[in-house]
Amino acid sequence: MPPSLVIRKATRSDVPAILKLLAQDSFSTPPESGVPCESHYEAFDAIAAREDHEIVVGTIGDEVIAALQISFIPGLSQQGAWRGPKRQAPSLCDLIQCIIVRRAE
């Protein structure tokens with residue numbers, strides 16, 4: 001049986017793989033080098049420490065093949081629903097379609 005896709009919360013050890021995915025993103029200006037530095041880890045720690053931010057990765061086996069960052073923001077529409085605009089590494093679009101995410105209370 002082939003390995004299946006697993007979506008999970010990202011960990012600090014996923015940062016190098018996430019950066020490699022971002023380096024493939026033609027929209028990054030300037031493009032990411034794919035090599036982590038201390039500021040990448042500081043940014044990950046800041047995101048992970050906040051309840052209104054989430055980074056998830058898609059893995060097959062031990063390989064990170066996709067990443068998604070959602071930053072939940074409050075809105076006045078939809079009775080004050082929280083929304084999660086997405087920032088993603090390119091391959092995640094092919095795997096998961098996320099348009100609006102409502103934050104669970």
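Data table
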{"item": "Pairs, first in a helix (DSSP H, G or I) in the stretch 1-14, second at pLDDT 90 or above, C-beta under 7 Å, six or more apart", "result": "R12/Y41; R12/F44; D14/V57; D14/V64"}
{"item": "Residue within the stretch 57-65 that is under 13 Å from the mean Cα position of the chain (by Cα) and either farther than 22 Å from L5 by Cβ or modelled with pLDDT under 85 (or both) present", "result": "no"}
{"item": "The stretch 17-31, residues that are at pLDDT 70 or above, exposed (fewer than 15 other Cβ atoms within 10 Å of the Cβ) and within 18 Å of F44 (Cα to Cα)", "result": "A23"}
{"item": "Close pairs (6 angstrom Cβ cut-off, 6 or more residues apart or separate chains): part of a loop (DSSP other than H, G, I, E, B) in the stretch 49-77, of a type in the set (D, E, K, R) anywhere", "result": "F72/D52; F72/R103; G75/R83"}
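The values are calculated or read from the model by the stated rules, or taken from the named source; none is laboratory data. A quick note: this is a predicted structure, and the numbers were derived from the prediction, not measured. Cβ: placed from backbone, ideal geometry, glycine included. Neighbour counts: every protein chain shown.
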